[in-house]
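The values are calculated or read from the model by the stated rules, or taken from the named source; none is laboratory data. Since the structure is predicted, the reported quantities are computational estimates derived from the model, not experimental observations. Virtual Cβ from ideal backbone geometry, glycine too; neighbours counted across all protein chains shown.
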Amino acid sequence: AQSVAQPEDQVNVAEGNPLTVKCTYSVSGNPYLFWYVQYPNRGLQFLLKYITGDNLVKGSYGFEAEFNKSQTSFHLKKPSALVSDSALYFCAVRAPGGATNKLIFGTGTLLAVQP
Amino acid sequence: AAGVIQSPRHLIKEKRETATLKCYPIPRHDTVYWYQQGPGQDPQFLISFYEKMQSDKGSIPDRFSAQQFSDYHSELNMSSLELGDSALYFCASSSQQGRFSPLHFGNGTRLTVT
């Protein structure tokens, strides 16, 4: 079964420092991976996706993610964190088969950026 | 750009009552998904519809039903509500023409069952 794991419940980083939010995946076949961000009382906003091609994927708000097949990881990164980046981040994988693009989410990582 | 619209934003119901949540997808999106997010939890897939037909089913209780209408909007009907149904309910939409197109989520309906 397809799944993603986010090993950290919370990540703390100082403003201006680089940030990494970790995600590992377990899939059979080619992985289709996504990152979403959720602000309090809001829906999930799409940040970026990896389908195929370049291992470094660039997304919204200066975020990027690196697909690493050997380590089965898809970590979210940003070179310089902003206080406004503080939110809940979800890694997701597209579920196999079926007629839809249904996503299976990880448990989420709360990113706290201190000024 | 138009986004996914959900109504109502907040809903308070008592146990054993019924509730109807509505979702209006992004124009030209043909697929709608419903997710349930409990407090401090990740979103759990409930059900999806493609071209007005149910396309996938997740952990949706038998007390819940949903449908997609001819204008592609969708409604989630919840009966015999229980305290445990209190959660944030998200609708998302996508276009199947873009096979790996991302899901676009609405801001959710917060359901509180008392």
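Couple of notes before you dig in:
- One residue alone among B:Leu103, B:Leu88, B:Leu81 is facing chain A (nearest Cβ under 7 Å) and in contact with a Leu (Cβ under 9 Å, 6 or more places away or on another chain), and that residue is B:Leu103.
- Residue list for segment B:1-22, restricted to those being of a type in the set (Gly, Ala, Ser) and either within 17 Å of B:Asp85 (Cα to Cα) or assigned to a strand (DSSP E or B) (or both): B:Ser7, B:Ala19
- A single member of B:Leu81, B:Leu76, B:Leu88 is farther than 22 Å from A:Tyr39 by Cα, in a strand (DSSP E or B) and hydrophobic (A, V, I, L, M, F, W, C), and it is B:Leu76.
- Here B:Pro61 clears all of (1) more than 23 Å from A:Gly108 (Cα to Cα); (2) surrounded by 14 or more Cβ atoms within 10 Å (Cβ to Cβ); (3) touching a Ser or Thr at 6+ places or on another chain (Cβ under 7 Å) except the condition numbered (3).
- Residue among B:Ser59, B:Ser55, B:Ser93, B:Ser65 that is hydroxyl-bearing (Ser, Thr, Tyr) and in a loop (DSSP other than H, G, I, E, B): B:Ser59
- Per the listing B:Gln44, B:Gln36, B:Gln96, B:Gln68, the residue uniquely in contact (Cβ under 8 Å) with a residue 12 or more places away in the chain and under 10 Å from the mean Cα position of the chain (by Cα) is B:Gln36.
- When the test is whether a residue is in a loop (DSSP other than H, G, I, E, B), within 14 Å of chain A (Cβ to nearest Cβ) and over 14 Å from B:Ala2 (Cβ atoms), B:Ser70 does not pass it.
- Of all the listed residues (A:Val83, A:Val93), the sole one being among the β-branched types (Val, Ile, Thr), over 16 Å from A:Gln45 (Cβ atoms) and at pLDDT 95 or above is A:Val83.
- Residue in segment B:43-53 that is within 25 Å of A:Gln6 (Cα to Cα), in contact with an Asp or Glu (Cβ under 9 Å, 6 or more places away or on another chain), more than 9 Å from chain A (Cβ to nearest Cβ) and buried (at least 22 other Cβ atoms within 10 Å of the Cβ) present: yes
- Test: residue in segment A:73-92 that is within 12 Å of chain B (Cβ to nearest Cβ) and free of Cβ contacts under 8 Å to residues at least 12 places away in the same chain: no
- Scope segment A:25-70; condition more than 14 Å from chain B (Cβ to nearest Cβ), exposed (fewer than 14 other Cβ atoms within 10 Å of the Cβ) and either of a type in the set (S, T, N, Q) or touching a residue at least 60 places away in the same chain (Cβ under 8 Å) (or both); matching residues: A:Ser26, A:Ser28, A:Asn55, A:Asn68, A:Ser70
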